[in-house]
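The values are calculated or read from the model by the stated rules, or taken from the named source; none is laboratory data. Keep in mind it's a predicted model, so treat the numbers as computed, not measured. With ideal geometry, Cβ positions are generated from the backbone for all residues, glycine too; neighbour counts draw on all protein chains shown.
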Amino acid sequence: MRISNSGFTNSVKRTLATQADRIGTLYGQLSSGKRLQQPADDPAATARVLRAHATLNELAARQTVARQGQQLIGATDAALGDLASTLSQAKNLCLQTNTSTLGAAERGALAAQVRSLSASLVTTGNTEVQGQYLFGGSQISTPPLREDDTANLPVLYCGDHQQLRYQVGADTKLPVGLTGAAVFNYPDATGTRPVPGVDADAFSLLSDLADAIEAGDTQGLEQYGEDLGQLHAHAVDLRGQVGVIAQRWERVQERADSTAALLNQLLADDESVDVTAAIVDLSNLETAYQAALGLTARMLELPGLFDLT
Amino acid sequence: MGNQILEIAASALAAARQAMDVNAQNVANAQTPGYIRQRAVLAPVPLGDPQGRVGVGNGVMVAAVERLRNQCLEAQLNHQEGQLGEAEARADSLSRVQSAFSDLNGDGISEALGAFFDAIEEVQTAPASSAARDQVIFAADTFAQRMRETSAALVQEQQTVAQGLEQHVAEVNRLLGQVAELNARIMPLGDNPQAGDLKVTREQAIRELATLCGATGLDQPDGSQDVLLGGLRLVQGSHVTELALAADPADATRQIVTVGNVSEPDSLGGQIAGCLAARDQYDQWRQELDDLAATFAEACNTTHRAGYDLNSQSGGDMFTYDAAAPAGSLQVAATLEDHPEALALAGTLTGPPGDVTNAQNLLSLREGRLFAGGTQTAEETYREIVASVGREMQRATDARDARQQLVDALDTQYAAEAGVSLDEEAVEVMRLQQVYNAAIRLVKIADTMMQEVLGLAG
């Protein structure tokens, strides 16, 4: 083929520009560590990468929620443990009083013990985690239990009956606690108590028990002992339920962790540059570019016929 | 007899010198863009003896200066230049727009939209916290800002394209005028070698016209070249029909290209067609972003209005926008700015602090299939727009690269035929030099012969 001087120089310029462009692309990928620099590099992978990033961020938010959920449920479980233990102690005191002949002073001391247990139970019921009260239902800003001598009841429940739940994902809502009403046997809006056989809340029962101990009311003590037993069984039952909820939160956390790990792997495949391959390609291109430059320089230096005349 | 030798030798000297002028012109233009090499066509001077006496001839002359032009290849090259111009204009514009969709760098709409829902998910755990509520409002504001920025980038690029169109049309008209003027100068010259340089300039202008608007040249017997755009004759001899920009009757904000009384000719190609195609593509993306912004904002507003804030007030709008340009005007409602307590997260009027029912309703919008006929979520819809930008850019780049390869191949072929080879010219000059030297020898021989004849006479 006939080679013209302008054709040769144009061809050389095009070849060198193409090689420099390829080197530039590889350099950009290596310096950023990302295979995808622009959506046009791989539109389908771009959509996948954006979805993966969105999901990873969503999972991070879910993990935050799950950690908070686990913390609240953990605190609820501990509080229920306290409740069960307190009720158990009160029941023991009740049995102890009922099965022995005690003097007034001794009964007074035992009644004081029961009242002390009731006071500590109020503290448990007003447990606060990260500024939120555990047992007020959705009334998380105010203490759910309030001691009030002027009221009919020794301890008033100021919370509501709405169990607090966090939403994880689009449509899954998991509880993060129990209402004080459910825990301490207060009646709901319809007047129904969680433990149907016991027509008193835990604090009224303890108060009545203390009064019965002081008065030596053996008939009453027997009834209160049975009621305390039912409340204790209810507390244990609630702990079981809370355990199941805790497991669900744990699964949410684990699933978020494993999904994030999987997505990171997929992202690495889609988004990250294969450094070894890119470096090999870059070396080859640089070698070819240098060779092309050298060859071009030599060809341009070659004498023409005009130089020899 | 001696006189005849001298005349023939003189014609050889003149022809060789003239032919070497052609070579010199070739050498001088070896790197001139668009230059087509020329060749002196030598021919014997025919016998002009009216008496019909026997003779050998009257020497040599340059019968013509031929331009080694391949019209077929030239037409192909111009056609491909037009296609390349269109693909290049489209790819250049798209590459600028693509950078506005900076989601792969983690600072685009996709990230902001996700962060908005993430903030709502997290505010459940501390619904009374000003910091958590502020985070939701901040995320909403960031999302609105990204929408505005991306929409503004599309509008900006459309303005750039419109300016480019004006410049291209002006340049096309200038070149059309140049071709018409050159036609007027070339036609009277006929086959005169002087016309060669003018033709080079005219061919270069037509090649630029091909790149700009896809026009082609058509040789006429009178030496002129008409410029055609499909079936429309933009230049006929020295008469020009200019391109013009006019308001689109269907949309006064848009401009269309007209030729005479024809609007948007189908045959329009080159950079102008690339600009028009890019502009139309941006209209589509702007519309998709507007739909996304309006539908999403309305869904959030409806849900937010159904909830109650920390002061037991009904929620107001979450976002505000101008219905004429939702994405470009999307903003967080003024009632929420610096008022985290006004975020309506509760589901009931006397909603206690822990009531996050409405926050959860807002969170459910993440999976709400409100777009593409109820088949896509907001995030999926936006990702589809980004993928569409990527696909169009990839298509434009592929088209540009493919056209570039074709043009390069044709250009190489064209340069091989029409370009100047300095070595070839050197050989030709040496060959002509030999002829020239031999002719001088002939003059000397004729002179010697004449001297000897004169000596005999003396």
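Only residues that are more than 22 Å from the chain's Cα centre (by Cα), within 18 Å of B:Q178 (Cβ to Cβ) and surrounded by fewer than 17 Cβ atoms within 10 Å (Cβ to Cβ) were counted across segment B:238-265, and they come to 2.
Please work out if B:D103 is at pLDDT below 90, of a type in the set (D, E) and under 29 Å from B:S388 (Cα atoms).
On the way: at pLDDT below 90: yes; of a type in the set (D, E): yes; under 29 Å from B:S388 (Cα atoms): yes.
For B:D103, the condition - at pLDDT below 90, of a type in the set (D, E) and under 29 Å from B:S388 (Cα atoms) - is met.
Helices (runs of 4 or more DSSP H) wholly in segment A:172-290 with at least 3 residues that are closer than 30 Å to B:E121 by Cα - which ones?
On the way: elements: A:180-184, A:202-215, A:218-271.
Result: A:180-184, A:218-271.
Residues being touching a Pro at 6+ places or on another chain (Cβ under 7 Å), more than 18 Å from A:P43 (Cα to Cα) and not hydroxyl-bearing (S, T, Y): count how many of those fall in segment B:85-131. Selection size over segment B:85-131: 2.
Please specify each residue of segment B:338-360 satisfying the condition of being of a type outside the set (S, T, Y) and either more than 9 Å from chain A (Cβ to nearest Cβ) or surrounded by fewer than 17 Cβ atoms within 10 Å (Cβ to Cβ) (or both). It would help to see each step written out before you state the result.
Of the residues in segment B:338-360, the ones of a type outside the set (S, T, Y) are B:338-347, B:349, B:351-356, B:358-360.
B:D338, B:H339, B:P340, B:E341, B:A342, B:L343, B:A344, B:L345, B:G347, B:L349, B:N358, listed by residue number.
Every listed requirement among (1) under 21 Å from B:T241 (Cα atoms); (2) buried (at least 16 other Cβ atoms within 10 Å of the Cβ); (3) within 24 Å of the chain's Cα centre (by Cα) is met by B:N183 save one, (3).
Can you say whether B:A63 is within 30 Å of B:L218 (Cα to Cα) and either of a type outside the set (A, V, I, L, M, F, W, C) or under 36 Å from the mean Cα position of the chain (by Cα) (or both), as far as the supplied structure shows? Spelling it out, it is not the case that B:A63 is within 30 Å of B:L218 (Cα to Cα) and either of a type outside the set (A, V, I, L, M, F, W, C) or under 36 Å from the mean Cα position of the chain (by Cα) (or both).
For segment B:122-148, filtered to residues that are in contact with a strand residue (DSSP E or B) (Cβ under 7 Å, 6 or more places away or on another chain) and more than 8 Å from every other protein chain (Cβ to nearest Cβ), the residue that is surrounded by the fewest Cβ atoms within 10 Å (Cβ to Cβ) is B:D141.
Is there a residue being within 14 Å of chain B (Cβ to nearest Cβ) and within 30 Å of B:I120 (Cβ to Cβ) anywhere in segment A:145-157? No, segment A:145-157 has no match at all.
Applying the criterion of being buried (at least 19 other Cβ atoms within 10 Å of the Cβ) and within 8 Å of chain A (Cβ to nearest Cβ) to the residues of segment B:364-381, the residue that is nearest to the chain's Cα centre (by Cα) is B:E379. Condition check: modelled with pLDDT under 90 and over 20 Å from B:E86 (Cβ atoms). Does B:D191 satisfy that? Yes: the conditions hold for B:D191. Put simply, of A:A54, A:A44 the only residue that is free of Cβ contacts under 8 Å to residues at least 24 places away in the same chain, within 23 Å of B:A91 (Cα to Cα) and within 11 Å of chain B (Cβ to nearest Cβ) is A:A44. Of the residues in segment A:74-88, none is crowded, with 16+ Cβ neighbours inside 10 Å, at pLDDT below 90 and hydrophobic (A, V, I, L, M, F, W, C). Taken together, the residues in segment B:86-121 that are within 8 Å of chain A (Cβ to nearest Cβ), assigned to a helix (DSSP H, G or I) and either among the acidic types (D, E) or free of Cβ contacts under 8 Å to residues at least 24 places away in the same chain (or both) amount to 6. Being assigned to a helix (DSSP H, G or I), in contact (Cβ under 8 Å) with a residue 40 or more places away in the chain and surrounded by fewer than 16 Cβ atoms within 10 Å (Cβ to Cβ), is that true of even one residue in segment B:328-337? Within segment B:328-337, none of the residues are assigned to a helix (DSSP H, G or I), in contact (Cβ under 8 Å) with a residue 40 or more places away in the chain and surrounded by fewer than 16 Cβ atoms within 10 Å (Cβ to Cβ). The single condition among (1) within 14 Å of chain B (Cβ to nearest Cβ); (2) within 28 Å of A:Q130 (Cβ to Cβ) that A:A189 does not meet is (2).
Is it fair to say B:T412 is of a type in the set (S, T, N, Q), more than 8 Å from chain A (Cβ to nearest Cβ), over 18 Å from the mean Cα position of the chain (by Cα) and surrounded by fewer than 21 Cβ atoms within 10 Å (Cβ to Cβ)? Walk me through it before giving the result.
Values: of a type in the set (S, T, N, Q): yes; more than 8 Å from chain A (Cβ to nearest Cβ): no; over 18 Å from the mean Cα position of the chain (by Cα): yes; surrounded by fewer than 21 Cβ atoms within 10 Å (Cβ to Cβ): yes.
No.
Residues in segment B:321-354 that are over 18 Å from B:Q135 (Cα atoms) and either over 52 Å from the mean Cα position of the chain (by Cα) or among the β-branched types (V, I, T) (or both): 6 in all. Screening B:D191, B:D226 for residues that are surrounded by fewer than 18 Cβ atoms within 10 Å (Cβ to Cβ) and either in contact with a helix residue (DSSP H, G or I) (Cβ under 9 Å, 6 or more places away or on another chain) or outside any helix (DSSP H, G or I) (or both) leaves exactly one candidate, B:D191. Being surrounded by 15 or more Cβ atoms within 10 Å (Cβ to Cβ) and over 30 Å from A:Q163 (Cβ atoms) holds for only one residue in A:N98, A:N92, and it is A:N98. Considering every residue within segment A:280-300, establish whether at least one is within 14 Å of another protein chain (Cβ to nearest Cβ), more than 30 Å from B:V429 (Cβ to Cβ) and surrounded by fewer than 17 Cβ atoms within 10 Å (Cβ to Cβ). Looking for residues that are within 14 Å of another protein chain (Cβ to nearest Cβ), more than 30 Å from B:V429 (Cβ to Cβ) and surrounded by fewer than 17 Cβ atoms within 10 Å (Cβ to Cβ), one finds none in segment A:280-300, hence no.
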